[in-house]
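Peer 1: Before I ask anything, here is the structure I am working with.
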Amino acid sequence: MTHDLTRRQALGTMGAGAVALSALGATPSIANAASNSLLDDHDLGYDPNTNEYTLPDLPYPYDALAPHIDAQTMEIHHDKHHAGYVRGLNNALKQLAAIRDGSGDIALTQHWQRQLSFHAGGHINHTLFWSGMAPQSKGGGGQPAGRLNKDIRTSFGSYDAFTTHFKKAAATVEGSGWAWLVYEPIAQQLMVLQMENQQKMLFAGVTPLLGIDVWEHAYYLNYQNRRTDYIDAFMNVINWPEIAARYQRVRPLRAP
Ligand code: MN3
């Protein structure tokens, strides 16, 4: 079995986490060939020589989003928490490969499937999260332009109605999780969804566009229990040009 085959099988499995499947494109086995794929091997730090994922660097310095998100939170979040998801993903892939070649314990298949879904979700979610933010000096905050702005107003009624819905969804995630602005390809509309942990509750097939991490590790050092203050601050650093570029890649071409 080649490394590539191992990896392709693994990526197919990652589809069990809805966000994972979507982020890698509708057909994960050809993720790199899919024109609508949001992330490629480079984005996810995949090293074909080791058949493992590595932690990609932050796209800006730790203090770039201050005062909205402080440097210490960013450093721990990226270097410790995100790194932990990458380690967990690699370990789950290794354990499932061992089960396939007969050296692992097949009774633990479900356990490692769950670990794969959780950690792959964590890796993909955080990769989208970092690049979904930008310092205000580099275009963070404000409103999206163009087609995305128009379609947000069509899907939610107004831009303010969208932000009210998005912020409330983020504020009311029970325990640890995320709120996402997603594109739902069957109804062909933008939606806001909550996600528990790193993978639960998203619809299968939706494409994540904008996510806010509301695990306590994302804000507790600076905001303690004031999650809504963190959410308000996050709105000032949304990298709308990047979110619009993601939308551009996945929206269908419509008849004029
Ligand atoms: Mn996190």
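Peer 1: Could you please put ASP105, ASP47 in sequence from largest to smallest accessible area, using a 1.4 Å probe?
Peer 2: Ranked from most to least accessible, the order is ASP105, ASP47.
Peer 1: Kindly sort HIS126, HIS165, HIS42 by accessible area of their heavy atoms, largest first, with the probe set to 1.4 Å.
Peer 2: HIS42, HIS165, HIS126
Peer 1: Right, something else. What FRET efficiency comes out for GLN188 versus ASN236 if R0 is 51 angstrom and r is the Cβ-Cβ distance? Round to the nearest 0.05.
Peer 2: Computed FRET efficiency for GLN188 and ASN236 comes out at 0.95.
Peer 1: So, counting K/R as plus one and D/E as minus one, what does the shell of residues with Cβ under 13 Å around LEU190 add up to?
Peer 2: +3
Peer 1: Would you mind checking the pairs LYS138/LYS168; LYS80/LYS168; LYS94/LYS200 and listing those with alpha carbons more than 25 angstrom apart?
Peer 2: Long pairs (Cα-Cα over 25 Å): LYS138/LYS168; LYS80/LYS168.
Peer 1: Turning to a different aspect of this structure: Calculate one ³J(HN,Hα) per residue across the stretch 185-195 by plugging θ = phi - 60° into the Karplus curve 6.51 cos²θ - 1.76 cosθ + 1.60, and present them in order as whole Hz with x for glycine and proline.
Peer 2: x, 7, 6, 6, 9, 7, 9, 9, 10, 8, 9
Peer 1: So, one more: From the phi of every residue in the stretch 235-240, what ³J(HN,Hα) in whole Hz does the Karplus formula 6.51 cos²θ - 1.76 cosθ + 1.60 yield, where θ is phi - 60° and glycine or proline is x?
Peer 2: My calculation for the stretch 235-240 gives 4, 7, 10, 5, 8, 4 Hz in order.
Peer 1: For the stretch 107-121, in order, what is each residue's ³J(HN,Hα) by Karplus, 6.51 cos²θ - 1.76 cosθ + 1.60 with θ = phi - 60°, in whole Hz (x at glycine and Pro)?
Peer 2: 5, 9, 4, 4, 4, 6, 4, 5, 4, 4, 4, 5, 6, 5, x
Peer 1: So if the hydrodynamic radius of the stretch 136-250 is defined as the Kirkwood radius over C-alpha pairs, what does Stokes-Einstein give as its diffusion coefficient at 10 °C and 1.306 mPa s, in µm² per second?
Peer 2: Roughly 110 µm²/s, to the nearest whole number.
Peer 1: How do ASP57, ASP79 rank by accessible surface area computed with a 1.4 Å probe, from largest to smallest?
Peer 2: ASP57, ASP79
Peer 1: If packing is taken as the average number of other Cβ atoms within 10 Å across a peptide's residues, how do 136-146, 209-219 rank, most packed first?
Peer 2: Packing order, densest peptide first, comes out as 209-219, 136-146.
Peer 1: How much accessible area does LEU44 have with a 1.4 Å probe, in Å² rounded to the nearest 10?
Peer 2: 10
Peer 1: Per 0.36 nm of contour for each residue apart, how much would the distance between TYR159 and ASP79 grow if the chain were fully extended, relative to their Cα-Cα spacing?
Peer 2: Net length gain for the segment: 25.4 nm.
Peer 1: Now for a different question. So what are the three principal axis dimensions of the stretch 34-183 from its Cα atoms, in whole Å, longest to shortest?
Peer 2: 55, 35, 33
The values are calculated or read from the model by the stated rules, or taken from the named source; none is laboratory data. For clarity, every value in this text was computed on a predicted model and none was experimentally measured. A quick note on method: Cβ atoms are made from the backbone with ideal geometry, for glycine too, and the neighbour counts reach across all protein chains shown. The protein model used for the area step is the full one, side chains on, heavy atoms only, and it has no ligands, DNA or RNA in it. Shrake-Rupley method; radii C 1.70, N 1.55, O 1.52, S 1.80 Å.
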